[in-house]
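These notes are about the structure you will find just below.
Readers should treat all values here as calculations from the given coordinates under stated rules, not as data from a laboratory. Fair warning: this is a prediction, and the values are worked out from it, not measured in the lab. As a convention, Cβ positions derive from the backbone with ideal geometry for all residues, glycine included, and neighbour counts pool all protein chains shown.
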Amino acid sequence: ITRPEWRRMVPGVRALCRRAARSALAASGRLPGTACELAIVLSDDATLRRLNQAFRDQDMATNVLAFPALDAVRPVGAPMQMGDVVLALETILAEAQSQAKTPAAHVAHMVVHGVLHLLGFDHGTAREARRMEAAEIGVLAGLAIADPYRESAPSAPMRP
């Protein structure tokens, strides 16, 4: 957590991120029985803007960026390194408000979205987007969060 406002704006944010990430990993079915590690960085728009510019040549903030770990030799028994998921506080709060979602529900969605990217999901084509959205909807349903792609979908507060 690089910005203390995260704790105030999304109470229980650390536990919420853990639950969302674990649910995405489990539901994906891509790593059955594999121990893995990933980092979730709760940051701000300025950081995401810099990262987006440096790695995607887009000079703007965004809600979430995922950075898959580079393939490396892994010692026997060591967990698989998945990569990093970085979230922007201001963008996520603004999106939650404009989409009539709770900040917690939107954070969970962005964590799930980022973790699915680490697992190889993408949304570059319509077909890929439909597959990724279906995966997100399924994971979020397991967390008692409404379909984030349905217009005016109600989202109940999520407990950490």
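Give me the percent relative contact order of the chain, please, defined on Cα pairs under 8 angstrom at least 6 residues apart.
Working: 257 pairs, mean separation 42.6, N = 160.
Value for the chain: 27 percent.
At a Förster distance of 22 Å, what's the computed FRET efficiency of A78 paired with A15, Cβ-Cβ distance as r, to 0.05? Numbers along the way, then the final one.
Numbers: r = 25 Å, r/R0 = 1.15.
For A78 and A15, the calculated efficiency is 0.30.
What FRET efficiency, computed as 1/(1 + (r/R0)^6) with R0 = 22 Å and r the Cβ-Cβ distance, is obtained for H123 and R8, rounded to the nearest 0.05?
Values: r = 31 Å, r/R0 = 1.42.
E between H123 and R8, to the nearest 0.05, is 0.10.
Amide H to amide H under 5 Å from A69: which residues, 5+ apart in sequence or cross-chain, H placed 1.01 Å off N in plane?
For A69, whose amide H was placed from the backbone, the distant partners under 5 Å are G83, D84.
Expected output is a single nm value to one decimal: the length gained when fully extending between Q53 and R150, i.e. 0.36 nm times separation in residues minus the C-alpha distance. What is it? Show your work: numbers first, answer last.
Details: separation 97, 0.36 × 97 = 34.92 nm, distance 3.04 nm.
Contour length minus the Cα-Cα distance gives 31.9 nm.
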